[in-house]
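Read the figures in this text as sums done on the coordinates, not as results from a lab. Bear in mind that the values here come from a model prediction, so they are computed numbers and not experimental data. When we count neighbours, we look across all protein chains shown, and the Cβ atoms used for this are built from the backbone with ideal geometry, even at glycine.
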Amino acid sequence: MIEPVYRAADDRYQSGMTYRRAGRSGIFLPAISLGLWHNFGDVDTLADSKRKLHHAFDCGINHFDLANNYGPSDGSAEETFGRVMKTSLAPYRDELFISTKAGHDMWPGPYGTWGSRKSLMASLDQSLRRMNLEYVDIFYSHRYDPGTPLEETMQALVDIVRQGKALYVGISKYPPEAARRAYEYLREHDVPCLLYQGRYNLFNTEPADLHILEQARENGAGFIAFSPLAQGLLTNRYLEGIPADSRIARGGFLKASALTDETLAKIRALNDIALQRGQTLAEMAIAWLLKDDWVTSVIVGASSVAQLDDNLKALQHTDFSEEELQQITSVLTGV
Ligand SMILES: NC(=O)c1ccc[n+]([C@@H]2O[C@H](COP(=O)([O-])OP(=O)(O)OC[C@H]3O[C@@H](n4cnc5c(N)ncnc54)[C@H](OP(=O)(O)O)[C@@H]3O)[C@@H](O)[C@H]2O)c1
């Protein structure tokens with residue numbers, strides 16, 4: 001069968017997506033971005049991955065978040081993206097904001113992990129080849145490396161920008177003191193940090209509690225939230241047990257042990273609040289992150305187009321009454 005040629009929806013910027021400025025930069029990102037950590041590897045079908053990527057772009061999602069090791073297998077999400085890039089998204093390259101990262105285990109030996117200059121430079125070259133790209137829009141240090149001088153990691157980021165292989169740089173999961181030094185180093189070398197990427201959701205409020213959001217803002221960086229649905233826990237996915245095609249059942253970082261009776265009770269109570277608001281729990285969890293402008297964008301994962309559509313509906317109702325916020329706090333704290 002001859003595949004139809006993809007043509008992006010003409011109304012992709014009028015379909016309800018909003019765009020937020022990343023820190024004190026010239027860059028706007030969609031309030032909802034799509035991440036390829038799961039659901040785009042070589043264990044998934046290319047046709048499905050393509051469908052989700054096309055649909056996302058048709059709905060105004062122009063930011064795709066990747067990393068060297070996304071899959072499974074490692075590197076295969078970048079390969080999938082590269083194939084879609086080559087066959088359908090290439091004409092839209094200048095509308096897209098594409099990220100990748102290095103810092104977690106990727107290839108054997110001492111250079112396939114952490115934050116040395118050797119590792120970051122080699123990894124980005126591999127990523128560009130897999131993704132069929134000449135440059136990425138943002139390259140992240142995926143995690144703070146306590147064994148490598150921070151200056152070495154940051155100088156590698158600076159040089160990557162100077163080489164034209166990335167337009168901007170970012171840091172992910174850095175503890176506050178390391179983040180402070182990273183912001184300073186990058187600023188002093190005229191490559192200001194564009195984004196801090198951190199795990200932020202109703203079950204994990206560390207970025208607010210540890211003032212990471214505030215610190216990003218003070219340093220002119222945007223904050224981009226990952227795992228907004230706690231990998232699917234903050235949805236209706238597990239209300240009736242563990243579906244066979246779910247992330248828990250497929251095996252990986254999210255374990256069945258995360259579904260304790262206490263957590264399930266919280267999920268049910270949050271689900272009730274969401275229903276009162278006329279939303280699904282997934283919509284409410286995303287809306288809760290977007291309710292104020294501290295968050296530049298929320299990176300969702302989705303195993304289907306239907307999930308993506310549900311998540312996008314969050315944008316239609318991001319206001320919360322004081323009473324709703326109190327109800328949510330009381331569910332989370334048990335007080
Ligand atoms: N910087 C880092 O270290 C880091 C770490 C993790 C993630 N990230 C980034 O953040 C992205 C998102 O992370 P994540 O995948 O954990 O995000 P998430 O949005 O918290 O979880 C996505 C999962 O939730 C379920 N889901 C999504 N929408 C749903 C809906 N409307 N209703 C019911 N279930 C729904 C799906 O699970 P099922 O598969 O069960 O359907 C989906 O695979 C990643 O792809 C990656 O780009 C970055």
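So what is log10(I(q)/I(0)) for region 97-222 at q = 0.11, 0.14 1/Å, when the Debye sum runs over its Cα atoms only? Rounded to two decimals, the profile gives -0.35, -0.56. Stretching the chain fully between residue 21 and residue 125 yields a gain of 34.6 nm (0.36 nm per residue, less the alpha carbon separation). Contact order for the chain, expressed relative to its length and based on alpha carbon pairs under 8 Å spaced 6+ residues apart, stands at 17 percent.
Projecting label points 7 angstrom from Cα along Cα→Cβ for residue 305 and residue 214 puts them 4.5 nm apart. Return the whole-Å distance between the Cα centroid of region 179-211 and the Cα centroid of region 250-269. Taking the Cα centre of region 250-269 as reference, the centre of region 179-211 is 28 Å away. On full extension, the segment bounded by residue 333 and residue 204 gains 45.2 nm, given 0.36 nm per residue less the C-alpha separation.
Amide H contacts of residue 143 (H built 1.01 Å from N, in plane; Pro and chain starts excluded): 172 sit under 5 Å, all sequence-distant by 5 or more or on other chains. Other residues whose C-beta falls under 13 angstrom from the C-beta of residue 328 contribute a net charge of -1, scoring Lys and Arg +1 and Asp and Glu -1. Bridging of residue 101 to lysines at a Cα separation below 19 Å is possible for 118, 165, 173, once same-chain residues fewer than 8 apart are set aside. Each helix, a run of at least 4 DSSP H residues, gives -39500 (n - 2.57); summed and divided by the residues of the chain, these come to -11000 deg cm²/dmol at 222 nm. Under the convention that each Lys and Arg Cβ holds +1 and each Asp and Glu Cβ holds -1, the size of the dipole of region 18-333 around its Cα centre is about 620 debye. A simple packing score, the average count of other Cβ atoms within 10 Å per residue, orders the peptides 149-162, 53-66 as 53-66, 149-162, with the highest score first. Annotation: region 177-335 has a Kirkwood hydrodynamic radius of 16.8 angstrom, from the mean reciprocal C-alpha pair distance.
The calculated FRET efficiency for residue 276 paired with residue 10, based on their beta-carbon distance and R0 = 41 Å, is about 0.65.
When each of 106, 284 is scored by the number of other beta-carbon atoms lying within 10 Å, the sequence from fewest to most is 106, 284.
Computed on the Cα atoms alone, the convex hull of region 218-260 gives a volume of 107 cubic angstrom per residue. Only the Cβ atoms of Lys and Arg (+1) and of Asp and Glu (-1) were treated as charged; on that basis the dipole of region 116-200 about its Cα centre amounts to roughly 300 debye. When DSSP beta bridges are restricted to pairs lying wholly in region 112-264, around 5% turn out antiparallel. Dimensions of the chain along the principal axes, based on C-alpha atoms and rounded to the nearest Å, stand at 55, 52, 40, largest first. Largest first, the three principal axis extents of the alpha carbons in region 89-166 are 42, 25, 17 Å in whole numbers. Other residues lying with their Cβ under 15 Å from the Cβ of residue 42 contribute a combined charge of -1, Lys and Arg counting +1, Asp and Glu -1. When the Cα positions of 290, 238, 46 are compared along the charge dipole of region 18-333, 46 comes out farthest toward the positive end, with charges on each C-beta of Lys, Arg, Asp and Glu. Grab the other residues whose beta carbon is less than 12 angstrom from that of residue 173, score K and R as +1, D and E as -1, and report the net. My count for the surroundings of residue 173 gives +1. The stretch between residue 264 and residue 187 holds 23.3 nm of extra length on full extension. This uses 0.36 nm per residue minus the Cα-Cα distance. Here the spin labels are modelled as points 7 Å beyond Cα on the Cα-Cβ line, and at residue 245 and residue 317 they lie 2.7 nm apart.
Antiparallel as a % of all DSSP beta bridges within the chain, to the nearest 5? Of all bridge pairs located within the chain, approximately 10 percent are antiparallel.
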